[in-house]
Amino acid sequence: MDVHRVLFVCRENIGRSQVGAAFYNQLHQGEAESAGINVDIPGQKVGDRPEAKYTIDVMKRDYNIDISECRRQRVSQEMKDIYAHIFVMAELNVIPDWLGEFPRWNVPDLKGLSEDKTRETIGDIHSLVSSLV
């Protein structure tokens, strides 16, 4: 297992985990990916989701990172054997038991937040990811 392979997991793989993986890949020479627990359309681009607009805008404007082309994927139990580290940013009521052993970051869902609150939450994710590297 490559010690630099990292997986960020959120509920729908539209915001938090995509942001975490993007920051990790910018700050570290590792390989980070993202996944979601409840992904309704695997393979869909994040930019095709209207609820990701503020997240995409803040990432482009404030961090010069474009996540609009990132593809959504569903997390699977087999992934825990592929990644050296997994960080979960989903709500407790949606996390499957097998993900419970991994660190959970208490980060609010970006879906439905105002642009200012989205910016603040993305800043929090940046701080968390920065502390890893």
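The values are calculated or read from the model by the stated rules, or taken from the named source; none is laboratory data. Note that this is a predicted model, so its numbers are computed, not measured. As a convention, Cβ positions derive from the backbone with ideal geometry for all residues, glycine included, and neighbour counts pool all protein chains shown. Just so you know, the surface numbers come from the protein's heavy atoms only, side chains and all, with ligands and any DNA or RNA stripped out. Shrake-Rupley method; radii C 1.70, N 1.55, O 1.52, S 1.80 Å.
One line per residue, one yes/no per condition, for (1) modelled with pLDDT of 95 or more; (2) crowded, with 18+ Cβ neighbours inside 10 Å; (3) of a type in the set (Gly, Ala, Ser); (4) in contact with a Lys or Arg (Cβ under 6 Å, 6 or more places away or on another chain):
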position: 35; (1), (2), (3), (4): yes, yes, yes, no
position: 61; (1), (2), (3), (4): yes, no, no, no
position: 86; (1), (2), (3), (4): yes, yes, no, no
position: 112; (1), (2), (3), (4): no, no, yes, no
position: 115; (1), (2), (3), (4): yes, no, no, no
Can you tell me which residues in the stretch 80-92 are outside any helix (DSSP H, G or I) and of a type in the set (D, E, K, R)? 91
Residue list for the stretch 23-38, restricted to those being in a loop (DSSP other than H, G, I, E, B) and hydrophobic (A, V, I, L, M, F, W, C): 37
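To keep it simple, each residue is scored yes or no on (1) in a helix (DSSP H, G or I); (2) open to solvent by 70 Å² or more (accessible area, probe 1.4 Å); (3) of a type in the set (Lys, Arg).
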position	(1), (2), (3)
14	no, no, no
21	yes, no, no
40	no, yes, no
43	no, no, no
57	yes, no, no
68	no, no, no
78	yes, yes, no
When the stretch 97-108 is checked residue by residue, the ones that are under 12 Å from residue 11 (Cβ atoms), open to solvent by less than 40 Å² (accessible area, probe 1.4 Å) and part of a loop (DSSP other than H, G, I, E, B) are 107
